[in-house]
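The values are calculated or read from the model by the stated rules, or taken from the named source; none is laboratory data. Everything quoted here is computed from the prediction, not taken from an experiment. All Cβ positions, even for glycine, are placed from backbone atoms using ideal geometry, and neighbour counts span all protein chains on display.
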Amino acid sequence: MSDIFDEVSAELRRDRASLAWKRFGRYVIGSGVAIVLLVSAVIGYQSYTQARAEAASARYDELVTVLAETDSFEQREQFVNVFIDAESGGYQALAMMRAGFDAKENGDSETALSLFDELSTRGDLSPALRDLARLQAAVTLLDNDASVEDVESRLAGMLVDSNQMRPAAREILALAHLRHDSLLTARTLLVEQLADSISNNLTRQRAGILLDIVNTKLGPNAAPVAQEN
C-alpha cells in the first residue's frame with residue numbers, strides 16, 4: 001500500500017514541476033526572442049557600413065515580412081530554408097534561429113534542437129549568439145522531458161562569472177532538476193540565483209516563487225543549503 005502512495009506522491013510532484021515550467025518557461029523563451037531581436041538590430045546597424053551586408057539585411061527584412069504573412073508552417077519552413085541555403089554569416093544564423101523557434105512552436109522539436117545545436121557550435125558567430133542557441137536547445141529538451149544530463153550538457157560553461165547569460169542558464173537548469181525531483185540541487189541553484197549580482201528583479205521573483213515550491217516539496221526536515229554537498 002505504501003508503494004501506491006509513493007507512486008501517487010511522485011506523480012503529483014512531476015505534475016507540479018510541469019505546471020511550474022509551463023508558468024515560467026515562456027519567460028525564458030521570451031528573453032531569448034528579445035536577445036535575437038537585439039542581435040538583429042546590431043547586425044542591421046552594422047550593415048550600413050558595408051554594401052554586401054546591407055543587401056543581406058534587405059533580404060532578411062523581406063524574409064521576415066513574408067513569414068509574417070504566411071500561415072502555413074510548411075511554407076514558412078520552405079521560405080526559410082531557401083534563405084538559409086543562399087546566405088551566410090549573421091543573417092543566415094538569425095534565419096536559422098527563427099526556423100528553430102517556428103519548428104518548436106509547431107511541435108517539431110527534433111528539427112528545432114538540430115538547428116539550435118548547429119548554431120551553438122558555429123565558430124563564425126558571436127559568443128552571445130552561440131550561448132542563446134545553447135539556451136534554446138536546453139529549453140527544447142526541457143519541454144520534451146529530457147534528462148537533466150542532456151539539459152546540462154547544453155548549458156556547460158555558461159554558469160561562470162564571465163557569462164552574462166548565466167541567470168537564464170541557471171534558471172533552466174533549476175527547472176530541469178525540479179522536474180526530475182532533484183530538489184536539493186534545484187534549491188541550491190535557486191539560492192544562487194537570488195544572490196547573483198546580475199540577476200534582475202523579474203529573475204529573482206521567479207527564483208523566489210520556484211524556491212517556495214521546492215521548499216514545500218522538501219518539507220521542514222530538509223537539510224540546510226550549506227549542507228548540500
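Quick check, is GLU105 modelled with pLDDT of 85 or more and either surrounded by 11 or more Cβ atoms within 10 Å (Cβ to Cβ) or acidic (Asp, Glu) (or both)? Considered against the rule, which asks whether it is modelled with pLDDT of 85 or more and either surrounded by 11 or more Cβ atoms within 10 Å (Cβ to Cβ) or acidic (Asp, Glu) (or both), GLU105 comes out as yes. If the condition is being more than 14 Å from the chain's Cα centre (by Cα), over 27 Å from HIS180 (Cα atoms) and among the small types (Gly, Ala, Ser), then segment 117-150 contributes GLY123, SER126. Screening segment 109-179 for helices (runs of 4 or more DSSP H) wholly inside it with 3 or more residues that are of a type in the set (Lys, Arg) returns the ranges 166-179. Would you mind stating whether ASP196 is of a type in the set (Asp, Glu) and modelled with pLDDT under 90? Taking the combined requirement at face value, the residue does not satisfy it.
Across segment 94-116, the qualifying residues are those that are in contact (Cβ under 8 Å) with a residue 24 or more places away in the chain and more than 21 Å from VAL64 (Cα to Cα), and the one among them that is farthest from the chain's Cα centre (by Cα) is SER109.
Among the residues examined, VAL160 qualifies as touching a Lys or Arg at 6+ places or on another chain (Cβ under 9 Å), within 21 Å of ARG204 (Cα to Cα) and at pLDDT 90 or above.
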